[in-house]
Amino acid sequence: MRIAMVTPHGVKCGIYTYSRDLSKALAEKGIEVCIIRLPRFGRKTSQILQQVVNQIPVQDVDLIHVQHEYGLYAGLDGGFYGGLNRLEKPIVSTCHAVGNLTVDRVIDEVSDKVIVHNKFCKKRFSFKSEIIPHGCTPSKTMDREKAMKKLGIDPRIPLVGYCGFISEYKGLETLIDAVSKIQESGLLIGGGWHTELGTTYIARINEKSHRLLPHRCKWLGFVPDDELPMAYGAMDIVVYPSIYSTESGALLMALSHGKAVIASRIGPFKEKEKLGALTTFRGVNSLVKKIRLLLKDEELRASLEEGARAYVEANSWSKVSEQHIELYEELLSHFE
Amino acid sequence: MRLILQGDRIWGKSAYSKVIFNLSTRLIKEGHKVAHIPMGRSLRGGKFSHSGVLVFSSGLDSFAQDVAVEHYLNYNADMLITVKEPWVFNTLHKEAINFVPMAIIDHAPVSASITARLHNAFKVIAVSRFGQKELKRNKIESTYIPHGCDTDIYRPLSEEKKLACRKMFALDPDEFVVGIVAMNRGRKLISRQILGYKRFLDLNPDVKSHLFLWTDVQPIRKYDEPSVGISDVGVSLLPEIMALGMGEAIKWPDRKNVAEGIPEWDGDNFIDGWDMVKLYNSFDVNMLCSGGEGAGLPYLEAAACGVASICTDYAGAPEYVGPGLTVPAKEYVILNAPGTRYYLPDIDGMAEALTKLYNTDREKLARKLTKHAERYSWDNVVSSYVKPFLEECETELFPLYTSTGVKSWRKEL
């Protein structure tokens, strides 16, 4: 089987990382994946998106799989899906974000199958969809002492961390407020913006961190894949304080590195809490308590780390790709 | 691949025109489809073919940004490569296309006016190792592809022909000729180079010599003419030449010759066939001690003709000058709107370099120089740098994930 996957590729972007890992896993199981590169940045027009559609080698693929997130299509989703529809091929869409009724309807009408990542998204997406979780790659971390030395941090300091793209809905203010109330701890922030080195928001958060956590907060900037083992190796606890999220590749990356994760109490993260993969909080005081507890209670931290590893094992890319293949095969059997 | 090169007009005589012509025609030979969008409103008519390259209209914007995306889509291009300092763009780098700027960097630290225009790029080309390092310092990955020189055209002529060249340019056969080939721009620091040459004459009063200034000694733009770009304007050199008492020691051509340019090679016409090859072959030394060079085609062209160059020890110039000499520079000035540093070549250093080259075995040096130029021959640049780069782009633009690795689906299917 050979599929065409429409997705950003080769750029700093969570959906690229997702598509790359999924494509690798599918390829390992004998499915060839032609990437149809969707421009990730810049001013998009309907003509540019039509050029993307025109690139699909229709005769050479069995189906088209679209990685969808609203921002990627700049409100031109209707024209784009109209173009896909005319190709008369089975269409699968993975919705990385859901809730825009107008766009969701277009996706539902044109797609033969819609994939969402969790129950929260399935509920919010008002049409028929299948849940296939976001995959994970079990990864090792660097020895803590070594990582702390590399980062120039005193290994005696209990370290709370965050690693991922930084934007307003990630809720880093909550994390900074919380760590500022735990005198003995330090904060390590890895991440940046997709293109430019920074944004006004990042500068504001950076200023806040230095004001509230003088000499206690270290910023790493964007952390490339090969430096993740060092960043996670240094962190005792990883916090994802997102205000809103449909899924988080960054959070899953922390779980993949076997870290004890505290995440905000929102739908997609609560589901993982029920599976024992992480623990959740609501509000700054709750986060302070959880951090203190986890820093103190090594056994509890170890059990969360164990839960993270079990979740990652159950949702490895290999297993996720099998679910995709099953869905593709079922779809193609109907199509024939 | 289907490529568009956007920059100075392909039929022009500027360094960027030469880069576009040499690159385009060789890429066509490699089996690529190539189109060109000329900047500077230079093509107001319809599209036409030039040496197999499809040339699109220029649009109304000085840098053709108003028509670039339309041509890109009409041509179904895979990439749009720009050959111009990236700071001239104010919209192109924000378009959702595969934008591949040649980052021509002639200063350090590299201006934010340049780096800000590279973050969305599909790929960035650095034309010097110096530029590549500067980009890396700003966390911008780039691919090194130097500018090249057509070594089939630029070559040393026989002694007999060299003498004919000198005669044609009204230079004496037995004098030490120092040439400067440069546009009249503040950045080129021509007045300072004249000071360096003057010091050489002062220190070597016995040397019979001329400075052949292949530049427009008047500014191209009038004083009251509004301009766009980075304010790197030309300067009036005549008052300074006369004030320094260098009116006899310096020769310069009619400004029309420089403005319109002369061909690269005009055949075996040594009577009035002025061309660049004959010009370099009439020099003993090529001097271009400017404030900063992103690359420096005159260094390569002179080297290919067996003529050594001297340059300021700053930015991309030392790489291109090869076996020539570098002149130390400790102080800098800021001359343009973005506020970048241009270094001042040491005046005694220039005189010293000219003296060294006057006293050296220039024939022996010429062999090293032609070897150096050969490394930058366009054929070598295309095979060693451009081809692997395009192959990498092909796989990144059209990736096919298979059990045996990632390939280009466009090639595989």
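No value in this document is a laboratory result; all are computed from the given coordinates. Because the structure is predicted, anything quoted here is derived from the model rather than measured. Neighbour counts run over all protein chains shown; Cβ positions are idealised from the backbone, glycine included.
Here the stretch A:263-302 was treated as a single set of alpha-carbon atoms; its pair distances binned every 10 Å from 0 give 31, 53, 17 percent. Solvent-free Debye calculation, one equal scatterer per alpha-carbon of the stretch A:196-336: log10 I(q)/I(0) at 0.09, 0.20 Å⁻¹ equals -0.36, -1.35. For chain B, taking the reciprocal of the average inverse distance between every pair of different Cα atoms yields a Kirkwood hydrodynamic radius of 22.2 Å.
Report the relative contact order of the stretch A:75-120, percent, no decimals, based on alpha-carbon pairs under 8 angstrom and at least 6 residues apart.
Normalised by residue count, the contact order of the stretch A:75-120 is 45 percent.
Could you tell me what % of all Cα pairs in the stretch A:1-158 have separations over 24 Å?
Working: 4922 of 12403 pairs.
The share of Cα pairs beyond 24 Å in the stretch A:1-158 comes to 40 percent.
For the stretch B:295-357, the Cα gyration tensor yields ellipsoid semi-axes of 22, 15, 7 Å (square root of five times each eigenvalue, largest first, whole Å).
Centre-to-centre, using Cα atoms only, the stretch A:295-320 and the stretch B:340-413 are separated by 50 Å. Whole-Hz Karplus values for the stretch B:244-258 come out as 7, x, 9, x, 8, 6, 10, 10, 8, x, 4, 4, 4, 4, 7 Hz, taken residue by residue from phi with 6.51 cos²θ - 1.76 cosθ + 1.60 and θ = phi - 60°; glycine and proline positions read x. Amide H contacts of residue B:327 (H built 1.01 Å from N, in plane; Pro and chain starts excluded): B:311, B:312, B:313 sit under 5 Å, all sequence-distant by 5 or more or on other chains. Entry note, chain A: the mean residue ellipticity at 222 nm calculated from DSSP H runs of n ≥ 4, each adding -39500 (n - 2.57), is -14000 deg cm²/dmol after division by the residues and rounding to the nearest 500. Once C-alpha pairs closer than 8 Å and six or more residues apart are averaged by separation and normalised to the residue number of the stretch A:1-155, the relative contact order reads 18 percent. Across the stretch B:143-150, rounded Karplus estimates of 3J(HN,Hα) from the backbone phi angles (6.51 cos²θ - 1.76 cosθ + 1.60, θ = phi - 60°) give 10, 7, 9, x, 6, x, 9, 7 Hz, Gly and Pro being marked x. Among A:225, A:60, A:21, the residue with the largest mean-square fluctuation in a Gaussian network model of chain A, with springs joining Cα atoms closer than 10 Å, is A:225. Note on residue A:112 and residue B:66: their simple-model spin labels are 4.7 nm apart, each label 7 Å out from Cα toward Cβ.
Here the extension length gained between residue B:206 and residue B:403 equals 63.4 nm, from 0.36 nm per residue of separation less the Cα-Cα distance.
With a Förster radius of 22 Å applied to the C-beta separation of residue B:332 and residue B:356, the computed FRET efficiency comes to 0.35.
Between residue A:207 and residue A:139, full extension at 0.36 nm per residue minus the direct alpha carbon distance yields a gain of 21.2 nm. Between helix B:190-203 and chain B there is an angle of about 30 degrees, using the helix long axis and the longest principal axis of the Cα atoms.
Normalising the Debye intensity of the stretch A:77-156 to I(0), with uniform scatterers on Cα atoms only, and taking log10 at q = 0.11, 0.13 Å⁻¹ returns -0.47, -0.54. Once the Cα atoms are used to define both axes, helix A:14-28 deviates from the longest principal axis of chain A by about 60 degrees.
Looking at the protein assembly as shown, the DSSP beta bridges with both ends there are about 15 percent antiparallel.
Annotation: amide H of residue B:209 within the under-5 Å range of B:176, sequence separation 5 or more or interchain, hydrogens built in the peptide plane. Amide H contacts for residue A:62 (H built 1.01 Å from N in the peptide plane; partners 5 or more residues away or on another chain; cut-off under 5 Å): A:2, A:3, A:4.
What the Cβ-Cβ distance of residue B:244 and residue B:32 gives, at R0 = 56 Å and to the nearest 0.05, is a FRET efficiency of 0.65.
Here the relative contact order of chain A, from alpha carbon pairs under 8 Å that lie six or more residues apart, stands at 17 percent.
Kirkwood radius, chain A, all distinct C-alpha pairs, inverse of mean reciprocal distance: 20.9 Å. For the protein assembly as shown, how big is the tail of P(r) above 53 Å, as a whole percent of Cα pairs? That tail contains 25 percent of the Cα-Cα pairs. Projected label points at residue B:42 and residue A:299, each 7 Å from Cα along the beta carbon direction, are separated by 7.8 nanometres. Note on residue A:285 and residue B:76: the model spin-label points, each 7 Å out from Cα along the C-beta direction, lie 6.5 nm apart. Please compute the net charge surrounding residue B:90, taking Lys and Arg as +1 and Asp and Glu as -1 over other residues with Cβ under 12 Å from its Cβ. For residues surrounding residue B:90, the net value is -1. For the stretch A:153-168, putting each phi into the Karplus relation 6.51 cos²θ - 1.76 cosθ + 1.60 with θ = phi - 60° gives couplings of 10, 4, x, 6, 7, x, 10, 9, x, 9, 9, x, 5, 10, 9, 4 Hz, in residue order, rounded to whole numbers and with x for Gly and Pro. DSSP assigns beta bridges within chain B; of those with both partners inside it, close to 20 percent run antiparallel.
Net charge in the neighbourhood of residue B:322 (other residues with Cβ under 14 Å of its Cβ; Lys, Arg +1, Asp, Glu -1) is 0.
Charge tally for residue B:123 (other residues, Cβ to Cβ under 9 Å; Lys, Arg +1; Asp, Glu -1): -3. Of A:272, A:170, A:208, the residue with the greatest mean-square motion in the GNM of chain A, using alpha carbon springs below 10 Å, is A:208. In the stretch A:94-225 the Cα-Cα distances spread across 5 Å bins starting at 0 as 2, 9, 15, 14, 13, 14, 12, 9, 7, 4, 2, 0 percent of all pairs. Legend: distances between Cα atoms for A:140/A:218; A:181/A:296; A:218/A:270; A:119/A:274; pairs beyond 18 Å are A:140/A:218; A:218/A:270. Measuring between their Cα centroids, the stretch B:179-214 and the stretch B:270-326 lie 13 Å from each other.
Report, to the nearest 10°, how far helix B:65-75 tilts away from the longest principal axis of the Cα atoms in chain B, using its own Cα long axis and a range of 0 to 90°. Taking the Cα atoms of chain B, the angle to B:65-75 is about 50 degrees. Taking residue B:356 as the anchor, which lysines have their alpha carbon closer than 25 Å to its alpha carbon, excluding any fewer than eight residues away along the same chain? Filter leaves B:162, B:188, B:198, B:208, B:251, B:278, B:330, B:364, B:368, B:371.
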